[in-house]
Each structure stands twice: as structure tokens, then as C-alpha cells.
Amino acid sequence: MRNKVLIGEMAKLHNISAQTLRYYDKIGLFKPQHIDYENKYRYYDIEQFATLDSILFFKKLGVPLEEIKDYFHDRDLNSMIRLLKHQEKMIIREVETLNKHLNSIRSRVELIENYQNNDSAYKCSIRELKPRKIAYFNLEHHIDTIDFEYGLKELYKMLKDDLSLFNGVIACITSKEDIEKGNYNHCKTVGLIFEEDIINGEHLNILPKSKYATIAYNGDNDECGKYYEELMKYIKDNKLEVIGDGILITIIDSAFSDYKEEYIKEIQIPIKNS
């Protein structure tokens, strides 16, 4: 059997492209053992097969090429163990991140399906909600949709978490005074509500366990006024007492659907336990 192979055959034998081998040669990671200076052909020795197999193994583990190059510069068993242990830690971190992503997907799907399968939309009801953590950003003008959107971006920046949009539920907080005056579009605070204790940091508060008068509807934030009115009438008719700020939460909006009729919002107003 021939003990030298050309770049194309070497690539085919290892299920990679010739371009990859040329790149490894260029960066000094893996060079052909022989060069025919007459025809410029470059040959790999069969003894290099094991080396290339090792490189491809480390690459599949996610080890950066520069670290692989450093390892092959002066390798022994101890350096291999160090490299593998380091990569083990990196993979564990990646698995933790992937599990976090998986939990985010499951939570979001469960939340949407719960509202989709619930026939209580447009109906006022009373529910007891468990304690929830809320990250918040106070707005200056309390009214404008533009202020709300910019406030939301500021909140994401403060949390430093790209998954916060999916882990949390967007909330627009309207003060008790404003909802009692009928100023339902006066959003004083942008919030992200989390059912689980998955975030830490500043600008966090706890929404305590409480009974809430609630109503869910399909539509956008600017339609909340008539549903606030309906819910406040329900509270008055049932001789209930408002004890805190109104919360307009977003289950589905333009981030998830192009169809406004698929948007899902819910108003929650805390009431005194009877």
C-alpha cells in the first residue's frame, strides 16, 4: 500500500474538504510531510493519519484551533489530560446553557397553550396568584408607547440576559391612582415578571401572593382601556377593593405573531382578600 497520499485523497479518507486541509497548512496546524518541488504536489504520510484524527477529534469537542495548535506544538499525556479537562468544563457550561434554552422554550410553549386552551378570554374572574419576581424600569412620562418600548430595551440591558424576553412576561404597570381615575394608558413602569427565581440583581421586586381580578383579551396594549373599564366595573359590582397597581401582561405580541388577533394580553388588578 502507498505510504503517501495527495491532499484530495487525504481529505476524502477523513471526510473533510481539501480546503480545510489547505487552511490547516496555512495556519501551521497540520502540514503535508512531503513536497515534490518539480510538480508542486504535496503529500501526506500515512503516519499522519493518527495526527489528523486527533485534530478532528478535538475540533468535534469544540476545542478552538489555536488551542489544538498549541497542544500539538509540545504534547504529552499530561497536556492532553489538561486540554480534555478544560474542554470538559466548557462542555458542562454549554450543556447548562442549552438546558436553560430548553426550559425557556418549554415554559413559553406551556404559557401560550394554557391561554389558547382557556375559554375564559373576555371574562372577568378572580384568581389567586403565587408570589412572582419582577424586574422593573420606571418610565418618566407614564404615557407614550415609544417610552414603553425604549423602557423595555433599558430593562433588557439591565438584566444582561438575552433570554429574559422568553423567560419573563412583559408587564405594563399602571398606578392604583391612575386606574381609579380611568387613566388606563398611563404606564408608569415597564416590568418583566418571572414565575421562577431565575434572575438576580438590582431593580427587582416581589409581587406578593394575592387575589387578582383578571381579564384576558386578544389585541394590543392600546386596546386595554375598555377591558380595564370592564374589569373595574366588575370589581365595583362585586364590592371588591383595589389594593395595588394594575398590571397589563403580554403573553403574545408582535414579537411572536404577525396577526393582531393572535395577540394575548391579560389585565391583573390586586384586590383585598374577602
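The values are calculated or read from the model by the stated rules, or taken from the named source; none is laboratory data. It should be emphasised that the depicted structure is a prediction, and the values quoted were computed from it without experimental measurement. In this analysis, Cβ positions are derived from the backbone assuming ideal geometry, glycine residues included, and neighbour counts consider all displayed protein chains.
The table for this structure:
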item	result
Residue satisfying condition, being farther than 20 Å from residue 135 by Cα, modelled with pLDDT of 90 or more and either not assigned by TED's automatic domain parsing to the domain that holds residue 148 or not charged (D, E, K, R) (or both), within set 225, 244	225
Elements of type helices (runs of 4 or more DSSP H) contained in the range 1-76, each with 1 or more residues being within 30 Å of residue 95 (Cα to Cα) and without any contact (Cβ under 8 Å) to a residue 12 or more places away in the chain	18-26, 49-60, 65-73
Residue that is nearest to residue 213 (Cα to Cα), among those in the range 88-129 that are touching a strand residue (DSSP E or B) at 6+ places or on another chain (Cβ under 9 Å) and in a loop (DSSP other than H, G, I, E, B)	124
Residue ID - surrounded by the most Cβ atoms within 10 Å (Cβ to Cβ), chosen from residues in the range 2-29 that are over 17 Å from residue 46 (Cα atoms) and of a type in the set (D, E, K, R)	22
Test for residue 112: is it closer than 30 Å to residue 219 by Cα, of a type in the set (Val, Ile, Thr) and modelled with pLDDT under 95	yes
Leading residue by the ranking (surrounded by the fewest Cβ atoms within 10 Å (Cβ to Cβ)) among those in the range 83-132 that are of a type in the set (D, E, K, R) and in contact with a helix residue (DSSP H, G or I) (Cβ under 9 Å, 6 or more places away or on another chain)	100
Selection status of residue 141, modelled with pLDDT under 85, within 25 Å of residue 152 (Cβ to Cβ) and not assigned by TED's automatic domain parsing to the domain that holds residue 233	no
Verdict on residue 271 being over 28 Å from the mean Cα position of the chain (by Cα), surrounded by 13 or more Cβ atoms within 10 Å (Cβ to Cβ) and either charged (D, E, K, R) or more than 22 Å from residue 117 (Cβ to Cβ) (or both)	yes
Any hit, the range 56-67, residues being touching an Asp or Glu at 6+ places or on another chain (Cβ under 8 Å) and on the phi > 0 side of the Ramachandran plot	yes
The range 5-48: number of residues that are touching a Leu at 6+ places or on another chain (Cβ under 7 Å) and hydroxyl-bearing (Ser, Thr, Tyr)	2
Tally of residues being modelled with pLDDT of 90 or more and either in contact with a strand residue (DSSP E or B) (Cβ under 8 Å, 6 or more places away or on another chain) or within 15 Å of residue 11 (Cβ to Cβ) (or both) across the range 34-47	4
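Residue-wise test of (1) assigned to a strand (DSSP E or B); (2) of a type in the set (A, V, I, L, M).
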{"position": "214", "(1), (2)": "yes, no"}
{"position": "219", "(1), (2)": "no, no"}
{"position": "225", "(1), (2)": "no, no"}
{"position": "228", "(1), (2)": "no, no"}
{"position": "235", "(1), (2)": "no, yes"}
{"position": "239", "(1), (2)": "no, no"}
{"position": "251", "(1), (2)": "yes, yes"}
{"position": "268", "(1), (2)": "yes, no"}
{"position": "273", "(1), (2)": "no, no"}
